Amino acid sequence: MPLEQCEIIELPKIQDCSGNLTFIESNNHIPFDIQRAYYLYDVPGGAERGAHAHKTLHQLLIAMSGSFNIILDDGRSKKTFHLNRSYLGLYIPPMTWRLLNNFSSGSVCMVLASDKYDESDYIRDYNEFVYATQKQGS
Ligand code: T46
């Protein structure tokens, strides 16, 4: 998918003197049905996550706490995003290579996904990913 389809989505934020509340509705605030949620936490300093693409999975990444970088790659170009607010989500469509790094201490990355875990949906080899994107584009 072209990188232009990857975007930061600003989620609703209800603010009052006792704190903030953010909510997410499938197919309203994000363009897919949520089938799974998972989160990354206790990530050691200097660690990297991801380094793969998904064939069909749509995801939204949110920094629930702390911050981290996400480098996205569509096989032609790369773009780096920085997440550090719990009302901002990064939408990642299928066929987008991602690498997460620069996790701050205590950071939590929550992920909403359009499908259940399926290892056969992963492309973990970068050359295979680039080949697949070129085939799609031709
Ligand atoms: C992404 C980043 C942010 C499961 O059993 N169930 C699951 O739902 C998931 C996501 C993973 N696993 C198992 C599969 C592997 O044995 O947990 C292990 C690590 O999984 P993975 O390589 O997917 O972990 P990350 O953190 O490198 O990547 C994940 C997502 O796959 C990826 O799409 O954007 O988190």
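The values are calculated or read from the model by the stated rules, or taken from the named source; none is laboratory data. Keep in mind the model is a prediction, meaning the values are calculated, not measured. FYI the Cβ positions are ideal-geometry reconstructions off the backbone, even for glycines, and counts take in every protein chain you see. Calculation scope for accessible area: heavy atoms of the full protein, side chains included, ligands and nucleic acids excluded. Shrake-Rupley method; radii C 1.70, N 1.55, O 1.52, S 1.80 Å.
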### Query
Just a yes or no: is a residue in region 71-89 in contact with a Lys or Arg (Cβ under 8 Å, 6 or more places away or on another chain) and over 21 Å from Leu40 (Cβ atoms)?
no
## Note on the structure
Counting only residues that are more than 16 Å from Tyr39 (Cα to Cα), near the ligand (Cβ under 8 Å from one of its atoms) and not in a strand (DSSP E or B), region 107-123 contains a total of 1
### Hits in region 11-35 (condition: open to solvent by 50 Å² or more (accessible area, probe 1.4 Å), under 19 Å from Met110 (Cα atoms) and of a type outside the set (A, V, I, L, M))
Lys13, Asn20, Thr22, Phe23, Glu25, Asn27, Asn28, Pro31, Asp33, Gln35
### Task
Among residues belonging to region 92-106 that are of a type in the set (S, T, N, Q) and assigned to a loop (DSSP other than H, G, I, E, B), point out the one that is farthest from the ligand (Cβ to nearest atom).
Ser105
## Note on the structure
Flagged in region 75-105 as open to solvent by 60 Å² or more (accessible area, probe 1.4 Å) and not basic (Lys, Arg), in numbering order, are Thr80, His82, Asn84, Asn102, Ser105
### Query
If Ile8 passes every condition in (1) surrounded by 15 or more Cβ atoms within 10 Å (Cβ to Cβ); (2) part of a strand (DSSP E or B) but one, which one does it miss?
(1)
